[in-house]
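First up is the structure itself, then whatever we jot down about it.
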Amino acid sequence: MTHKAEIVDLRFDLYGSKPRYLTIGGQQSLWVTCTATAEVVGLMRDKSVERYPVDGAPEQVALGGESIWFTMPRIDAVGSIDHAGEIHTFQMPKGSEPTGIATAGETTWVTLRGAAQLASIGADGSVAIVPLGIDYETERLDESKARAEFMAFDRMGAAWITLE
């Protein structure tokens, strides 16, 4: 099977912004987190640029519903930018270091690397915390086994998580 691809060379000046992670957004856009300038940047196919300054150095980024979601581990927060361009911030537990982010349906999931937990953020903005790191031999929580870094959902809806 031969795959055909259109290669589009779009160059954007992000010099000095330290672009880190990216995701594909709606309407043929590319979204990038820029840690040095503490902003989430939308790079549009028409070569326009949308910049959103945020409270902390953003890292991982994901598309969920009509929002762009991103993690800010340095300030223990998760943010979203909705279709109207409004920024929403969701505070996570102190020291939790939200790192990986993925969406499934109307729910956004985040790995809390520093807390041996996952967090889910519902469509209504509610946050639920899920512990990780169960030692199945003793059935006790063992935080040393649960430094979750990144996550993704497969087509069947199963979550996949990397453990450091």
Rank-order 72-79, 93-100 by packing density, defined as the average count of other C-beta atoms within 10 Å over each peptide's residues, highest first.
-> 72-79, 93-100
Within the chain, what is the number of lysine pairs with alpha carbons under 26 Å apart, leaving out pairs fewer than eight places apart on the same chain?
-> 4
Based only on the alpha carbon positions, what is the Kirkwood hydrodynamic radius of the stretch 9-105, in angstrom?
-> 13.3
Which ³J(HN,Hα) values in Hz, rounded to whole numbers, follow from the phi angles of the stretch 47-63 under the Karplus curve 6.51 cos²θ - 1.76 cosθ + 1.60, where θ = phi - 60° and Gly and Pro get x?
-> 6, 7, 10, 10, 10, 10, x, 10, 5, x, 5, x, 10, 5, 9, 8, 8
Carbon/sulfur accessible area of the chain, % of total, 1.4 Å probe, equals 51
Would you kindly calculate the translational diffusion coefficient of the stretch 53-103, applying Stokes-Einstein with the Kirkwood radius from alpha carbon pairs, for 10 °C and a viscosity of 1.306 mPa s, and quote it in µm² s⁻¹ without decimals?
-> 147
Accessible area per residue, Å², the chain with all protein chains present, probe 1.4 Å = 60
In µm²/s, what is D for the chain at 25 °C and 0.890 mPa s, where D = kT/(6 pi eta Rh) by Stokes-Einstein and Rh is the Kirkwood radius from Cα pairs?
-> 147
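The values are calculated or read from the model by the stated rules, or taken from the named source; none is laboratory data. Everything numeric in this text was worked out from a predicted model, so none of it was measured. Please note: Cβ atoms are built from the backbone with ideal geometry, for glycine as well, and neighbour counts cover all protein chains shown. For accessibility, only protein heavy atoms count, side chains too; no ligands or nucleic acids. Shrake-Rupley method; radii C 1.70, N 1.55, O 1.52, S 1.80 Å.
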